[in-house]
Amino acid sequence: MIVNPFVVFFAAIFTNNMIFSNFLGMCSFIAVSSDIKTSIGLGQAVTFVLAITAPINYLLYHYVLVPFGLEYLRYIVFIVSIAAFVQLVEMIVERSFPALYQSLGIFLPLITVNCAILGVSLFMTIRNYNLITSTLYGLGSGLGWMLAIVALAGIKKRMKMSAVPEGLQGPGITLIITGIMALAFIGFSGIVQIS
Amino acid sequence: MEKILTTLLIFSLFTGFLAFLLTLAKKTIGNYGIMKVTINEETEIEMEGGDTLLSGLTEEKIFIPSACGGKGSCGYCKVTVESGGGEILPTEFGYVTPEERELGVRLSCQLKVKEPIAISIPEELFNVKEFHPTVTAITDLTPNIKHLIFTFPQGEEISFKAGQYVQLRAPKYPGNHEEVFRAYSIASSPTEHNKLELIIGLVPDGICSTYVHKHLSVGDEVAMTGPYGDFYYQESTREILMVAAGTGMAPILSILHQLKAMNSERRAIFYFGARHEEDLFFLERMKEFESDLISFEFIPSLSKPHRETDWKGQLGRVTTCLQRDLMDPCEREAYLCGSPRMIDSIVEVLIEKGIPEEFIYYDKFS
């Protein structure tokens, strides 16, 4: 089955959002969503890393692991390559784009361990995407993740003044909100759909 | 078998390649060369570019106060950057006030030196050294406060001003996985250079105070840097007013030692606040100071004395005593040591009693 790369791109943002349909990348989603500005920074960093690691891992998988019959190694290989390339990207950004490093700086190393990043690499191999589709899928997932965390930060800001029952304060109410947001995102599911 | 070997080979090649790539990147992209740091317009040091300013200064034996060891979580290692250093980082926002930001204040542990940079630090920091004294005595002053005496090894000598503090290092110990530095005021006389006394209270879950109270014993070697601080005895003819509570007595003791060493005839009063009788300590020492110094008076005050004991001293909080006692107009200067809340309320009273703000010196223990 050949899927249109742009369908995958939009599906990754709205209908198959990493957070709302897969619940991946939750820890930073919950922890760093208290301020809109910071969540935009983290969202940018995640998008950036996803757009870079998706094609790299695609090439690694199809040109190194598959020829040697080592597909089962993909988990560990993907993690290691993500960690290494994030480091590399961080160094390059720090040297060449001080302004970008200024805004992403502290978040870049953090997202090495974001499971949404590994999730994208695994999904694209399971779903047999080609290089272009994988890259757009990575970019779309990143944008979707950013959309979700910025939306949550906005909601949390409005909730600061509301009386949340004591037992639900903090992560408790955040998870409930996330659930309701996920329900709302189901509304998009008629537009595009990927498996 | 073959599969295992291929796996191992491919995986080692892969990780080896990545390691090579990263090392190469560090040598080329991450290499900023040797950078020049100008301190206070006169001293120049050179450091590895790309490293943090704090580590570069520490390498040159210039010790900037830092409690967390460069993790950006204590906010003590502030320096003023005159030129170079780039924009302030988001990791510093929480510790640098907007006014300080205007002046160019940065956290030296977050600032990576990527261009020649000029900074200014207090002149005293050049005198800060690292010491490795041995614990020679530990005594319990109250159930929660210990008095420690440290002796320096041959060749190490400390000189400090009465009222300054040192930073004691808490190493890793069972239950603590990080090395931290904590500030403690020196309680001994500034005339003694090879011995040092500290008064350390147990803070619930405090890393360093737990280390001192539970793990440190006589004969152990510790690491400390110092002296630091702009709270110290000032020479003048004004009447001295000292106020402290708990471990805040430490710098006051040092000041009293100083007065005694100088045979000072300055009038001095020391108000010491505590809750119950068992929170009082060093009463004997204070009696000695009262007889050694010509016009010194020690006034302990209890806010909640036990009913069964017959406490004959002052009652109530220190602020109440000050309100009552400071009636006569007189040229005074004040030395305050205690919690930020206590100091804020005392400063209020003192200003109301006509002591000019510039003559109120304090050290907030937080």
Completion exercise
Ordered by number, the residues of region B:1-41 that have at least 40 Å² less accessible area in the complete protein assembly than on their own chain alone (1.4 Å probe) are B:Lys3, B:Thr7, B:Ile10, B:Phe11, B:Phe14, B:Leu18, B:Leu22, B:Ile29, B:Tyr32
Completion exercise
Residue by residue through region B:333-340, the couplings from Karplus 6.51 cos²θ - 1.76 cosθ + 1.60 with θ = phi - 60°, in Hz, x for Gly and Pro, are 10, 10, 10, 10, 9, x, 5, x
Problem - With all protein chains modelled, accessible area of B:Phe160 [1.4 Å, Å²] - result: 20
Fill in the blank from the handout: Carbon and sulfur atoms account, in whole percent of the 1.4 Å probe accessible area of the protein assembly as shown, for 58
Handout entry: Kirkwood Rh, angstrom, region B:2-56 [1 / mean 1/r, Cα pairs]
Key = 14.3
Exercise for the section: Count, for each residue of B:87-96, the Cβ atoms from other chains sitting within 10 Å of its Cβ, then give me the mean as a whole number. Expected result: 2
Exercise for the section: Indicate, rounded to the nearest 5 percent, the antiparallel portion of the DSSP beta bridges found entirely in the protein assembly as shown. Expected result: 60
Problem - For region B:96-235: relative contact order, % (alpha-carbon pairs under 8 angstrom, 6 or more apart) - result: 30
Problem - Whole-Hz couplings from phi, Karplus 6.51/-1.76/1.60, listed for region A:63-70; x for Gly and Pro - result: 10, 10, 6, 5, x, 8, x, 10
Exercise for the section: Provide the gained length on full extension for the span B:Glu348 to B:His193, in nm with one decimal, where the gain is 0.36 nm per separating residue minus the Cα-Cα distance. Expected result: 52.1 nm
Handout entry: Label-point separation, B:Thr151 to A:Ile76 (7 Å along Cα→Cβ), nm
Key = 5.6
Practice task
Keeping every protein chain in place, order A:Trp145, B:Trp311 by accessible area at 1.4 Å, biggest value first, i.e. largest first.
Solution key: B:Trp311, A:Trp145
Handout entry: Check: chain B dipole with +1 on Lys, Arg Cβ and -1 on Asp, Glu Cβ, in debye
Key = 1080
Handout entry: Of B:Thr15, B:Thr28, B:Thr58, the one that fluctuates the most in a GNM where chain B has Cα springs shorter than 10 Å
Key = B:Thr15
Exercise for the section: Mind ranking B:Ser345, B:Ser254 by accessible surface for me, highest first, 1.4 Å probe? Expected result: B:Ser345, B:Ser254
Completion exercise
Pseudo-spin-label distance B:Asp325 to B:Phe359, built 7 Å along Cα→Cβ, given in nm, is 1.7
Problem - B:Asn176 paired with B:Ala223, simple spin-label distance in nm, labels 7 Å along Cα-to-beta-carbon - result: 1.3
Completion exercise
Computed over region A:1-84, the distribution of all Cα-Cα distances in 5 Å bins, rounded to whole %, is 3, 11, 15, 21, 21, 16, 8, 3, 1, 0
Problem - Quotient of C-alpha Rg and 2.2 N^0.38 Å, computed over region B:139-294 - result: 1.07
Practice task
Could you give me the radius of gyration and the Dmax of region A:42-133, taking only the C-alpha atoms into account and expressing both in angstrom?
Solution key: 13.6, 43
Exercise for the section: Just list whichever of A:Lys37/B:Lys36; B:Lys146/B:Lys312; B:Lys214/B:Lys312; A:Lys156/B:Lys364; B:Lys36/B:Lys112; B:Lys129/B:Lys172 have alpha carbons separated by over 24 Å in the model shown. Expected result: A:Lys37/B:Lys36; B:Lys146/B:Lys312; B:Lys214/B:Lys312; A:Lys156/B:Lys364
Handout entry: Helix runs (DSSP H) in chain A reaching 30 Å along axis by Cα, Kyte-Doolittle at least 0.5
Key = A:36-60, A:74-96, A:131-159
Handout entry: Rh by Kirkwood over Cα pairs, then Stokes-Einstein D for region B:66-119 at 1.567 mPa s and 4 °C, µm²/s
Key = 116
Completion exercise
Rg (one decimal) and Dmax (whole number) from the Cα set of region B:96-136, in Å, equal 15.3, 47
Exercise for the section: List the equivalent ellipsoid semi-axes of region B:283-340 in whole Å, largest first, each obtained as the square root of 5λ for an eigenvalue λ of the Cα gyration tensor. Expected result: 22, 18, 12
Exercise for the section: Work through the residues other than A:Ser39 whose Cβ is under 11 Å from its Cβ and net out their charges, Lys, Arg +1 and Asp, Glu -1. Expected result: +2
Exercise for the section: Would you kindly find the accessible area of B:Asp51, with a 1.4 Å probe and non-protein molecules such as ligands, DNA and RNA excluded, rounding to the nearest 10 Å²? Expected result: 70
Handout entry: Fraction of the pair-distance distribution of region B:227-366 above 18 Å, Cα-Cα pairs, percent
Key = 54
Handout entry: Accessible surface, per residue, of region B:50-197 when the full set of protein chains is kept, probe 1.4 Å, Å²
Key = 46
Fill in the blank from the handout: Taking Cα atoms only, Rg over Rh for region B:78-170 with Rh from the Kirkwood formula is 1.11
Fill in the blank from the handout: When the charge dipole of the protein assembly as shown is computed with +1 on Lys and Arg Cβ and -1 on Asp and Glu Cβ about the Cα centre, the Cα farthest towards its positive end, among B:Tyr32, B:Ser301, B:Ile343, belongs to B:Tyr32
Completion exercise
One checks the Cα atoms of region B:211-282 and finds Rg and Dmax, in Å, of 15.6, 45
Exercise for the section: Quick one, can you get me the convex hull of the C-alpha atoms of chain B expressed as volume per residue in Å³? Expected result: 203
Practice task
Whenever you get a sec, line up B:Lys161, A:Lys156 from highest to lowest accessible area (probe 1.4 Å, protein heavy atoms).
Solution key: B:Lys161, A:Lys156
Practice task
Would you mind listing how long region B:139-199 runs along its three principal axes, going by Cα atoms, in whole Å with the largest first?
Solution key: 38, 30, 20
Problem - 0 to 90° range, to nearest 10: angle between helix B:249-261 axis and chain B longest Cα axis - result: 70
Completion exercise
Mean other chain Cβ within 10 Å across A:87-95 is 5
Completion exercise
Kirkwood Rh over alpha-carbon pairs of chain A plugged into Stokes-Einstein at 25 °C, 0.890 mPa s gives a D in µm²/s of 141
Problem - Å² of accessible area per residue within region A:104-182, as computed with a 1.4 Å probe and no ligands counted - result: 46
Completion exercise
Kirkwood Rh over alpha-carbon pairs of the protein assembly as shown plugged into Stokes-Einstein at 25 °C, 0.890 mPa s gives a D in µm²/s of 87
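The values are calculated or read from the model by the stated rules, or taken from the named source; none is laboratory data. All figures in this text were calculated on a predicted structure; none of them were measured in a lab. Cβ coordinates were reconstructed from backbone atoms using ideal geometry, including for glycine residues, and neighbour counts include every protein chain displayed. Areas reflect the complete protein model, heavy atoms only, side chains present, ligands, DNA and RNA absent. Shrake-Rupley method; radii C 1.70, N 1.55, O 1.52, S 1.80 Å.
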